[in-house]
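Q: Below you will find the structure I want to go over with you.
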Amino acid sequence: MLCVTYYLSYSVYPPRCLSQMEFQMSQPAPARPTVVVIGGGYGGVHVAKALDDDARVVLVEPKDAFVHNVAALRALVDPAWLPRIYYPYDRLLARGRIIRDRAAKVDAGRVVLASGEELRPDYIVLATGSAYPFPAKHDVDSATAAHDKVRTAHAALSTAHRVLLLGAGPVGIELAGEIKAVWPDKHVTLLDVADDVLGERFRPDLKAELRRQLAGLGVELMLSSPLRDNPPVPPGELRPFTVVTQAGAEVTADIWFRCYGVSPVSDYLVGELAAARRPDGFVEVTPFLQVAGQDRVFAVGDVSTADHKMAGAANRQAQVIADNIRTLISGEGDLRPHEPAAPGIVVPIGPHGGSGQRPGVEDLVAAEVVAELKGRDMMVDRFAGLFDIIPPDPAAAGG
Ligand SMILES: Cc1cc2nc3c(=O)[nH]c(=O)nc-3n(C[C@H](O)[C@H](O)[C@H](O)COP(=O)(O)OP(=O)(O)OC[C@H]3O[C@@H](n4cnc5c(N)ncnc54)[C@H](O)[C@@H]3O)c2cc1C
């Protein structure tokens, strides 16, 4: 029991003792600090959701729906998947606010939106991710416009006989597998300047297994094959063309897609925060995921230097950032560092194929496990659940 004497000018009551609860109720509730999360991709939505009960969360995102781009390539070959990979933001947060706008200028403690609205939050989380060429990611903010773009590309792709994919990393391999799963007779060429598929971080036996499966599907692999010039036709358009490699080999195709080129989105940083932006656009962070030189500004996901550019890594970082912001709010305890995971990946080749590697596990991930983890449902149920949505069955959705 807490004994507090209180006087009211008009009170005739004598001083009395208050219970702890009465005391707390008599005090003005401390204002909850404001956290502005800029960007509602994989990293941003997880931070916003995790802090919804602890702070006044404001999520700034120009798109009208979250895009589950992990499944974007499936939607290109089968547009019946489109309604399954766009989730409206309205049921993401129980208490927080979503502002449909784009951050135009962000400095420590100040966010100016494209509309001109200005926010002065206690904490800022940069979660603007990365851009990637279509169809892996989209540059349109309306789900309807994005659906139209995918359907147009699908129509073009479905009539093409020969497809050229530039870039034999995870996206190129996955797209080759998706195309072959729907149209086994199309001729698919997967071309890269590197001398192997997938990229340097991964194990040679995984690369060999992926090459084996691609060859089994009849995908033509052209490695160590830089082109003299880019295709003379925009990507995703049905128009036959021929390109020539520097070694003189000719490749003729009816359509092509660019399957490389992650570029971080951080051009809105100004003032003190611009100093943390590296020349390549990634934002330097500390082990606690604070932006370098800042206590109350954090960065999560693809935009940050913290980790591999993966949705899973963004999710793990989001939990660390939410914990660290809670620690700063309460003033109790220590910040916890983020520990990047060792390289691990699953690469589907169509709904039933693919392979992968897991940290500390000698055996490659078997195709049936890849199908279980990603290839079959493309993790749709897991992400739709975050938005309190039951995704429609693709068979029922109709193309
Ligand atoms: C085809 C494909 C398949 C993939 N598969 C996997 C997989 O199986 N597993 C895996 O772990 N990872 C996978 N990835 C990687 C994963 O998609 C990325 O790592 C992930 O998108 C990163 O999330 P993010 O939140 O950092 O950024 P993003 O997802 O890029 O989200 C950033 C958000 O910020 C918004 N934004 C941008 N600028 C502004 C601004 N100025 N103001 C406000 N908002 C802004 C954007 O609209 C966007 O919604 C895949 C990627 C691709 C392309």
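Q: Give the peptides 274-285, 338-349, 128-139, 112-123 in descending order of average Cβ contacts within 10 Å, highest first. Before the final figure, lay out the partial values.
A: Numbers: 274-285: 16.7, 338-349: 18.7, 128-139: 20.6, 112-123: 15.0.
The densest-packed peptide leads the list: 128-139, 338-349, 274-285, 112-123.
Q: For the range 243-360, just say rounded, prolate or oblate: build the C-alpha gyration tensor, square-root its eigenvalues into a ≥ b ≥ c, call rounded for a/c under 1.5, and beyond that prolate if a/b exceeds b/c, oblate if not.
A: Details: a/c = 3.40, a/b = 1.73, b/c = 1.96.
Here the range 243-360 falls in the oblate category.
Q: On the protein heavy atoms, probe 1.4 angstrom, tell me the percent of accessible surface of the range 169-265 carried by carbon and sulfur. List each step's numbers first, then the result.
A: Numbers: 2320 of 4550 Å².
In the range 169-265, the share of accessible area belonging to carbon and sulfur is 51 percent.
Q: Round to the nearest 10 and report in Å² the accessible area of Ile179, as given by a 1.4 Å probe over the protein chains' heavy atoms.
A: Result for Ile179: roughly 0 Å² accessible.
Q: In nanometres, what is the gap between the two model label sites at Ala104 and Asp90, each 7 Å from Cα along Cα-to-Cβ?
A: 2.8 nm
Q: Kindly express, to the nearest 10 degrees and within the range 0 to 90, the angle between helix 143-159's C-alpha long axis and the longest C-alpha principal axis of the chain.
A: In the chain, helix 143-159 runs at an angle near 10 degrees to the longest axis.
Q: Share of the range 331-395's accessible area from carbon and sulfur, percent, 1.4 Å?
A: Values: 1850 of 3520 Å².
Carbon plus sulfur share of accessible area: 53 percent.
Q: Semi-axes, largest first, in whole Å: what does sqrt of 5 times each Cα gyration tensor eigenvalue give for the range 94-187?
A: They are 39, 15, 11 Å, listed largest first.
Q: Compute log10 of I(q)/I(0) for the chain with the Debye formula, placing one identical point scatterer on every Cα and leaving out solvent, at q = 0.06, 0.12, 0.13, 0.14 Å⁻¹, to two decimals.
A: -0.30, -0.99, -1.13, -1.27
Q: What accessible area, in Å² to the nearest ten, does a 1.4 Å probe give for Phe257?
A: 0 Å²
Q: Could you tell me which of rounded, prolate or oblate describes the range 143-286, using a ≥ b ≥ c as the square roots of the eigenvalues of the alpha-carbon gyration tensor, with rounded for a/c under 1.5 and, failing that, prolate when a/b is larger than b/c and oblate otherwise? Don't skip to the answer; put the middle values down first.
A: Working: a/c = 1.83, a/b = 1.42, b/c = 1.29.
Since a/c reaches 1.5 and a/b is larger than b/c, the shape of the range 143-286 is classed as prolate.
Q: Still on this model: Which residue fluctuates the most in the chain, going by a Gaussian network model with Cα springs under 10 Å, if the choices are Val233, Val188, Val361?
A: Val361
Q: Next question, about the same structure. Which residue, Ala168, Ala94, Ala65, tops the fluctuation ranking in a GNM of the chain built on C-alpha contacts under 10 Å?
A: The residue with the greatest mean-square fluctuation here is Ala94.
Q: On C-alpha positions alone, give me the angle between the axis of helix 204-216 and the longest principal axis of the chain, in degrees, nearest 10.
A: Between the helix axis and the principal axis of the chain, the angle is about 50 degrees.
Q: Which of the peptides 237-246, 39-48, 69-78, 374-383 is most tightly packed, and how do the rest follow, going by the mean number of other Cβ atoms within 10 Å of each residue? Before the final figure, lay out each step's value.
A: Values: 237-246: 14.3, 39-48: 27.2, 69-78: 22.7, 374-383: 18.2.
Put in order of decreasing packing, that is 39-48, 69-78, 374-383, 237-246.
Q: Have a look at Val300, Thr144, Gly172 and report the one farthest towards the positive end of the charge dipole of the chain, computed about the Cα centre with Cβ charges (Lys/Arg +1, Asp/Glu -1).
A: Result: Thr144.
Q: Given a 1.4 Å probe, how much area per residue of the range 50-130 is accessible, in Å²?
A: On the way: 3010 Å² over 81 residues.
Normalised by residue count, the accessible surface of the range 50-130 is 37 Å².
Q: Can you work out the Karplus-derived ³J(HN,Hα) for every residue in the range 167-176? Use 6.51 cos²θ - 1.76 cosθ + 1.60 with θ = phi - 60°, whole Hz, and x for glycine or proline.
A: x, 9, x, x, 5, x, 4, 5, 5, 4
Q: Where is the GNM fluctuation largest for the chain (alpha-carbon springs, 10 angstrom cutoff): Asp192, Asp307, Asp53?
A: Asp53
Q: Which shape class applies to the range 319-399: rounded if a/c is under 1.5, otherwise prolate when a/b exceeds b/c and oblate if not, where a ≥ b ≥ c are the square roots of the Cα gyration tensor eigenvalues? Please report the intermediate quantities before stating the final value.
A: Values: a/c = 5.15, a/b = 1.46, b/c = 3.53.
The shape class here is oblate.
Q: Residues with amide H under 5 Å of Gly354's amide H, sequence separation 5 or more or different chain, H placed in the peptide plane at 1.01 Å from N; which?
A: Excluding prolines and chain starts, which carry no amide H, the hits are Ile349.
Q: Given a 1.4 Å probe and the protein chains all in place, what does the accessible area of Phe202 round to, in Å² to the nearest 10?
A: In the full protein context, Phe202 sits at about 10 Å².
The values are calculated or read from the model by the stated rules, or taken from the named source; none is laboratory data. A quick note: this is a predicted structure, and the numbers were derived from the prediction, not measured. Cβ sites come from the backbone with ideal geometry, for glycine too, and all protein chains shown count toward neighbours. These area figures cover heavy atoms from the full protein model, side chains too; ligands, DNA and RNA do not enter into them. Shrake-Rupley method; radii C 1.70, N 1.55, O 1.52, S 1.80 Å.
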